[in-house]
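Structure first, then comments.
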Amino acid sequence: MMLSISPHCFDNGAAIAPLAEIQPHGALLVISEPELVVLQVSLNIDQFFGVAPQKTIGQPLEAIAPAPMMERLWEILLRSPDQGFEVFQSKLPALTSEGETLINEAPNNNRKTRDVNVILHRNSDGLLILELEPTKEGDSVAFAEFYHTIKRGAVRLRQQTDLCVMGQLGTEEMRRILAFDRVMVYRFISEGHGQVIAESKAPHLSESFLNHWFPDEDTRFCRLWLSESNGAARSIAHASQAGVPLYPELNPQNQQPVNLLQSQLRSPHPCHRTYLHNMDRVQASVVVPLMHGDHFWGLVACHHHQPCHVPYSVRQACEYLGRVMSVEISAHSDRQKYEERRRLQHTQTQLLEQMTISDSLRDGLLQESLLGLVKATGVAVFHDNHLASLGTVPSTAQLKDLLNWVESYCPGDIYVTDCVSQDYPPAQDFTDIGSGLLVATISNSLKDYILWFRSETLRTVTWAKRPMVTLPVEPGTEWLSPPQSFERWWEMVRGRSRSWHATEIDAARELRNATVNIVLRQASEKIKLTEELARSNAELNKFAHITSHDLQEPLNLVANYIQLLELRYQHQLDDDAREFIGYAVDSIDHMQNLIDDLLDYSRVGGQRSPNFEVTPLKIILDRVLRSLGDRLEQVNARVTVGLLPTVMGNPTQLTQVFQNLLSNAVKFHGDRPLTIDIHSDRRDDCWEITVADNGIGLDPKFSDRIFQVFQRLHTREEYPGTGIGLAMFKKIIEQHGGTIWLNAALK
């Protein structure tokens, strides 16, 4: 598109200022301050003042400029010495046939004069620039006409809520003001590329650029140029004419080319002129920037196929209309953001409420509203070393590999991309379901993350032309070569999702911050609860010791007296009395065993963090087998032991576990010869230890009951015991970070 991609040179990727040349219909002077001495002039200065360029250098400006022009210039400089931009009209004496004029001779009724606009400004280096642009009395737009012209367009724009319709009205109003052949609204979408979203063209033009894309290279320098222009319109009067250089070429004060980026007369680079010609044989153009706050949103590009010097006042009307369009674009964008933020706040409130009432943070997060928060197609939550997902997401293995990459590559709180395969090549395996990725890091150290996915969005992009070709000039530099053809070029875009909107990214960041606060609060509550439990366990442990001592003492006393009674009066007791005394002694023994087991059980519960050390389970099991050797021989047991791992654990407690399990196998061996199989298997990041026997077994519906305190499936007469052993060993296993269960199918 038009845009002044002024052919420019790039140095290590950064655009440098264009050549110091101006368009030939005007003239330019660089003036020193405060003396107002001429430092540089355009080589066509003689066409305005009748003085050769070489004769103006070092001369006071008043030596060549008419007195009325100097009076107005001094008035402006004295009134506002730091003014940024001033324009006034003045008259220059007509030149003689020899191209000369009388110095300081004021125009009079007998001498013809020429009208010029005098544009006064300072460039980015602080140099005073004076530009002269021919005009006519009829070129000036009266205030009333200017007001009605802009008012009509502004009212029509404010009545629209659709951005494309708004852009279309803007192009129609701009083309009516300029009477140009084509006017387009060009919006920068992503990665510097842009798209034509509105177009108004003359009936005789058959080719349309509506909805066509233009590469970043076409507009990169134009964006720089317009950003330096402070929102001012820029024009080219005759694209086929070469620019007029300055004399001398370098500024005498700093020996550098003068920066003309803010100049109204700045000449387009030859590459840009060729670009306009090849695009649509454009001869004249006006470019008006469109801003959204400080953000360069897009521009209005106006093209004409005949040379046309657009008067300054008309350019001002276009510029003002562009500012009105910018205001409406900003208002439209702000309205959209407001509505979107309201929706997001409502969704966030729902999520936070669910998170606070859920037992698990992960369960509280995994709601449909978590997908809707950022309009994702899938989401995965990593919390407490567990993975849960909703919607369409990559496989578990792919998610775990992706998480490892996220941990090392995404140190920040938020990572977002619409093409994750560019940063993470393995993502090419799941681009159809996860081309876009938005990551919110809850805690890097705890590996808590929320990963939102967006599926691939296949689309065909119509480019107005292929990207410009870069030709190397010298090491470290490259030159953009203008395209010779603007034939349509269609590209199928793959591996990308719909882009994440700024409001969606902000919503993810706010949810992340709220989740972090909840996690911190829950962690603080867990610490307090753990401390309270530790105190409670210590008190219970102390209570158990005291209680067991207090209970054991009367039991021992009762047992002693019963035994004494039996010893002294054994000849006086009949068989029933002896049987009753035997029952009492057995009950006392059972009560003492029960108290001892309860004391052991309380000790396990009271040990919050038993001393762990490197423990080979094979050595533990060999020790248990030796201690149970006689009992195993009595039932003719055959024990098969596979490979067992070395783990971090408490040797004493693990010995108790194996001792109890093997003792139970002997106790409940049944009528068949007893076989016991002990082996291990690796399950993800843990070991699974299996102790299987061919004993009497039990009904699967009791598989959870047997791990509860005092839960027995048989009478003490059938199988002695207190019903505490398995409950105690379940606690031991849980203290080691594991679980214990029964599988009745294993024999």
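The values are calculated or read from the model by the stated rules, or taken from the named source; none is laboratory data. The structure displayed is predicted, hence computed values, not measured ones. We place every Cβ from the backbone using ideal geometry, glycine too, and count neighbours over all the protein chains shown. Protein only, heavy atoms only, side chains kept; ligands, DNA and RNA dropped before computing areas. Shrake-Rupley method; radii C 1.70, N 1.55, O 1.52, S 1.80 Å.
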Most to least accessible of L662, L95 (protein chains only, probe 1.4 Å): L95, L662
Taking the C-alpha atoms of region 236-303, convex hull volume expressed per residue in Å³: 117 Å³
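From largest accessible area down, sort S267, S455; use a 1.4 Å probe on the protein chains.
In descending accessible area the options line up as S455, S267.
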Flagged links, alpha-carbon separation over 31 Å, of K136/K201; K112/K201; K400/K618; K618/K731: K112/K201; K400/K618
Local electrostatic count, S443, Cβ distance below 12 Å [Lys/Arg +1, Asp/Glu -1]: -2
E199, E172, ranked by accessible area, largest first (probe 1.4 Å): E172, E199
Rounded Å value of the spacing that divides the Cα centres of region 241-298 and region 657-698: 87 Å
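Could you please report the charge total around V406, scoring K, R as +1 and D, E as -1 over all other residues with beta-carbon less than 15 angstrom from its beta-carbon?
Local net charge: -2.
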Surface accessible to a 1.4 Å probe, C410 within the full protein complex, Å²: 10 Å²
